[in-house]
Amino acid sequence: MKTLTKILAGAAVMAMTAGGAMAQDKLRIQTHFNAESTPGQLIQKFMEQVQAMSGLEIQMHWSSEVVAQNEVMGAASQGILDCDMGGITGNVGKDPGWQLAGDIMGGYDTPYQFLTWFYHEGGREVVQEHLYDPQDMHVVGFWLQGHESLSSTAPLAGFADLENWKFRSPPGLETEIFSSFGAKPVVMDFGEVPNALRTGIVDGADASTLNTNHYALSLFDIATHATFPGFHSMPSEQLSCNKRAWAALSDASRIAIELALQGIALDLALITAVRDGEAAVELTEAGVTLHDWSTEDRMAFREFAQSRWADWGAKSPAAQAVLDSHLAYMKKIGLVN
């Protein structure tokens, strides 16, 4: 804590001494989150901290108001925006490596393991070189909520229950993994999930974290089962900036942005854990069954997923580089053999 205090104090001093010479004093950023959501509230905290530490003003465009989510990075690289504060896997159309960078599906037990890979075990460097450099973007950092939970109108106690289970799924790696277990993924937009469950179009959904499924989407007005704690998907968000815009910032602004982002990355993981716990208590009391998959089933899911990771790694040099980085760290901490 003393070290962080000194860093923050140093950033403030740098801001005061360099403020007049700052080449760029505003950043235009777009996020797909709305300001009222938990991530949105933390983004507002991020903005306030950056301005307090460096004087930099951030103009945030909420809820994809300028361009569609999968177009933000392109808009930022072209200078229409300065930075992209959105999901990582939305860029998979640019290169399959974005999928493995943003959600390797079943790879990590906790968000802290993923953040360690990115910040301390080579993840930042490999994605910068292979994914962000080709887009003329600088990756500032990754941040994420934690494991998502599957919601269902039928039991989901283990692998056997996935047979013929029809559920909402995002496209890509997840559909391949679950199809291999006999499930029937249906690709649809996030906002269509509640009505699809209500009308029986699907039996369940991979939507979001337990607390979001409960409090924001009200899925358990229909669903009576969920997997918790989650194990299958842990999508990450990112902040990246046009390299020219990033270079135009003062040292104080860059330090402030990096520190503030790491702060909300930790906060989001911690807050999600608390709110998921609260949701679990409420849902159990309301009669919803929460299925905690066994250690053996979780390991079997990860072992099987590795064959699909390998398939995705083979899709491009960038994807293989990201996969190799993940596997090196996972082997180091005993997640894979």
Inset, instruction - Please tell me if Asn164 is under 30 Å from Asp221 (Cβ atoms) and either polar (S, T, N, Q) or touching a residue at least 24 places away in the same chain (Cβ under 8 Å) (or both). - result: yes
Legend entry - Filter result for the condition that a residue is buried (at least 16 other Cβ atoms within 10 Å of the Cβ), in contact with a Ser or Thr (Cβ under 7 Å, 6 or more places away or on another chain) and closer than 20 Å to His120 by Cα, over Ala321, Ala256: Ala256
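What helices (runs of 4 or more DSSP H) completely inside segment 94-153 contain at least 1 residues that are outside the structural domain of Leu259 (by TED's automatic domain parsing) and at pLDDT 95 or above?
Values: elements: 97-102, 111-120, 123-127.
Qualifying helices (runs of 4 or more DSSP H): 97-102.
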Inset, instruction - Take segment 100-149 and flag every residue that is more than 30 Å from Glu296 (Cβ to Cβ) and of a type in the set (Asp, Glu). - result: Glu125, Glu129, Asp133, Asp136
Inset, instruction - Provide a single number: the residues in segment 177-223 that are out of contact with any Gly (no Cβ under 8 Å at 6 or more places or on another chain), closer than 27 Å to Asn34 by Cα and assigned to a loop (DSSP other than H, G, I, E, B). - result: 8
Inset, instruction - Report, by residue number, each residue of segment 265-319 that is in a helix (DSSP H, G or I), over 20 Å from the mean Cα position of the chain (by Cα), more than 20 Å from Glu174 (Cβ to Cβ) and not hydrophobic (A, V, I, L, M, F, W, C). - result: Glu278, Glu282, Thr284, Glu285, Thr295, Glu296, Pro317
Legend entry - Answer from Asp267, Asp311 - the residue that is of a type outside the set (Ser, Thr, Tyr), touching a helix residue (DSSP H, G or I) at 6+ places or on another chain (Cβ under 7 Å), under 26 Å from Gly123 (Cβ atoms) and surrounded by fewer than 18 Cβ atoms within 10 Å (Cβ to Cβ): Asp267
Legend entry - Criterion: in contact (Cβ under 8 Å) with a residue 60 or more places away in the chain and not assigned by TED's automatic domain parsing to the domain that holds Ala76 - qualifying residue of Ala260, Ala321: Ala321
Legend entry - Complete set of residues in segment 212-244 that are closer than 30 Å to Ala256 by Cβ and under 21 Å from the mean Cα position of the chain (by Cα): Thr212, Met234, Pro235, Ser236, Glu237, Gln238, Leu239, Ser240, Cys241, Asn242
Inset, instruction - Please enumerate the residues belonging to segment 5-59 that are modelled with pLDDT under 95 and of a type in the set (Val, Ile, Thr). - result: Thr5, Ile7, Val13, Thr17, Thr38
Legend entry - Filtered residues of segment 154-176 (kept if in a loop (DSSP other than H, G, I, E, B) and of a type in the set (Asp, Glu)): Glu163
Inset, instruction - Please tell me if Pro96 is surrounded by fewer than 24 Cβ atoms within 10 Å (Cβ to Cβ) and under 20 Å from Asp206 (Cα atoms). - result: no
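The values are calculated or read from the model by the stated rules, or taken from the named source; none is laboratory data. As the structure is a prediction and not an experimental result, all values here were calculated from the model. All Cβ positions, glycine included, derive from the backbone under ideal geometry; neighbour counts span all protein chains shown.
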